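Input: a single structure, listed below in structure tokens.
The values are calculated or read from the model by the stated rules, or taken from the named source; none is laboratory data. If you're wondering where the values come from, they're calculated on a predicted model, not measured in any experiment. Cβ: placed from backbone, ideal geometry, glycine included. Neighbour counts: every protein chain shown.
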Amino acid sequence: MTSRLLSAAGFLTKIPVPGWALMDQASLAASPPYFPAVGAGIGIGLAAFDRLVARLFPLPVACILDLVLLFVVTGGMHCDGLIDTADGLLGGTTREDALHIMRDSRIGAMGAIAAVLLILAKYALLISLPVLLSGTWRLAVSEISNSLCKTSAGALQIGIVKLRITGFPGRLNLAGSLLPFHILPLRGRLPALLLAPVMGRWVMLLAISIFPYARKENGMGIVFASSGREFGKAQGQKQEQEQGRRAVHDQGKGQNQKQGNDRRLRSRLYVSAVVTVILGTVVAGTRGALAFTLCSLVTLLWGRRVSAFLGGLTGDIYGALCEICEVVTLLVFCVGI
């Protein structure tokens, strides 16, 4: 278990892993069920980092630093997948053209636009997420005219002024003057930063498990697709070629082993799904469950459409799904419900 978790972390991030953690094809093929756990680690680090930089810098700067941290930790791998996916799907008219364009290392116009939109979307959502102001504000009684000043976002108490963070952006009226304060619920920001990477890696596992691999030749995604349907198919073909003339009962044994592998794969997917939705619900309540549901639906619906066009998914599409569902998760926490 630990080895597979470290294998997943070693592939999905640039964080150094111990030398004894195997990074061979077999270990990587068994690591997708641990993708959400890697996402949780990234989310915890991002939330802690955001809490630190938000105390040192203005909010726009803190949001930029959050994006820089994500890029450094992941090496921009998933963003690169989104760029290649945009170039291939929007620039290719046939399956062969799309796969060929996605293989090209050069960035096209569609990919560049997709990258810019992704960065703008994440920045806008991060800066819109609920943020904690100062927990306690000391104001002179004379400044608030000895009265309780109410806002659309919270309430003030005379003397030592405390802000009850229960609402959405508003303006604080002090002594007849309007001061632009963004008072938002604390519970919204940290859970969003924690869960966005989790949901992004969960949908990668979901796509790997549900949809076949599109390329006939080897690609980066074939390593992980081999943990799903393509692995069972490829292993069955390989066994048929190697065993050839074996007895019928040996072939039956191989079929039983393949069915056992499929059952284990499905059970791991179900366990990961249950753990992910429980984590989302515990951390963020209904918003966490809603984020899980929406991300899963986006993956199933868009994955089905792309798979019908390409004959399956690729590693680039796995990365694109990760980035798209991170945006979806952040969006859920920005909706004023």
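A few comments on the model shown:
- Failed item, numbered, when Ile107 is tested on (1) outside any loop (DSSP other than H, G, I, E, B); (2) out of contact with any Cys (no Cβ under 6 Å at 6 or more places or on another chain); (3) modelled with pLDDT of 90 or more: (1)
- Qualifying residue in the stretch 128-141 (condition: over 28 Å from Leu190 (Cα atoms), at pLDDT below 95 and either in contact with a Lys or Arg (Cβ under 9 Å, 6 or more places away or on another chain) or assigned to a helix (DSSP H, G or I) (or both)): yes
- Qualifying position, being surrounded by 16 or more Cβ atoms within 10 Å (Cβ to Cβ), in contact with a Gly (Cβ under 9 Å, 6 or more places away or on another chain), within 22 Å of Gly76 (Cα to Cα) and assigned by TED's automatic domain parsing to the domain that holds Thr74, among Leu6, Leu12: Leu12
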